[in-house]
Amino acid sequence: IFYWVIAATFILFLFLGGMTGRGCQAPGTRELEAGVIGMVDGVEITAQYYDYTVRQQTAMIGQQSGHAELALARERAWDSLVRTAIAEKAIQDRGITATDQEVLDMFQNDPPAEILQGYRDANGQVDIQRYFADLQNPDNDWSAAEQYVRETVIPQRKLVEEVTAAAVVPDDEAREEYTRQSGRAVAASGGPAGEERP
């Protein structure tokens, strides 16, 4: 009887697992693809991208990282990826992309600070010679860094440029804000309330 109970329980577990797709996955939730650990507004966050971001955050915190520092790096990495996913949604909506030449120019002439963090010495100075040596070494795998630059850094910079260029304040609003700020300055300095200003 004992063995039959075990067998029946095992069969029931397999049946319920098949019904829900992943056993522990809540009904009605969307099943994530392999290698995807999260999704923000339709933008997928991959395990490879998360691990890469954690390594970058760990390098920024310091080489001598304990459990607390590692937990902080993971939290910062996840927060960064969520913000990035929100920005990526706006980038997708606007159709912003990066060309191969733009990616190459950034690696050669303007490498992101996140990448250079791994090349800081004990004094906090960037060893740029070591960076370029690694960049030219064909045995190094730069695929994750290239993906980061192509899909995040360059499009985000373009997004900021587009938003900044579109943020034009009308003359009336600018004049009204200037008058309001000037009034605060006079009130703070104790000037006469009725004093006329040009």
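The values are calculated or read from the model by the stated rules, or taken from the named source; none is laboratory data. Please read these numbers as outputs of a predicted model, since none were measured by experiment. No Cβ is skipped: glycine too gets one built from the backbone with ideal geometry, and neighbour counts run over all protein chains shown. What goes into the accessible areas is simple: the full protein's heavy atoms, side chains included, and nothing from ligands, DNA or RNA. Shrake-Rupley method; radii C 1.70, N 1.55, O 1.52, S 1.80 Å.
In segment 98-148, of all residues being part of a helix (DSSP H, G or I), touching a residue at least 40 places away in the same chain (Cβ under 8 Å) and small (G, A, S), the one that is farthest from M60 (Cα to Cα) corresponds to A144. Of D134, D127, all but one fail to be at pLDDT 65 or above, touching a Lys or Arg at 6+ places or on another chain (Cβ under 8 Å) and either open to solvent by less than 70 Å² (accessible area, probe 1.4 Å) or over 30 Å from Y49 (Cβ atoms) (or both); the exception is D127. Listed by first and then second residue, the pairs with beta-carbon distance under 8 Å, at least 6 apart or on different chains, first residue in segment 65-88 and surrounded by 14 or more Cβ atoms within 10 Å (Cβ to Cβ), second assigned to a helix (DSSP H, G or I) and among the aromatic types (F, W, Y), are A77/Y50; W78/Y50; L81/Y49; L81/Y50. In segment 149-182, the qualifying residues are those that are of a type in the set (G, A, S) and part of a helix (DSSP H, G or I), and the one that is modelled with the highest pLDDT is A165. Here's a check for you: in segment 49-64, which residue that is among the aliphatic types (A, V, I, L, M) and at pLDDT below 80 is surrounded by the most Cβ atoms within 10 Å (Cβ to Cβ)? Across segment 49-64, the extreme among qualifying residues is A59.
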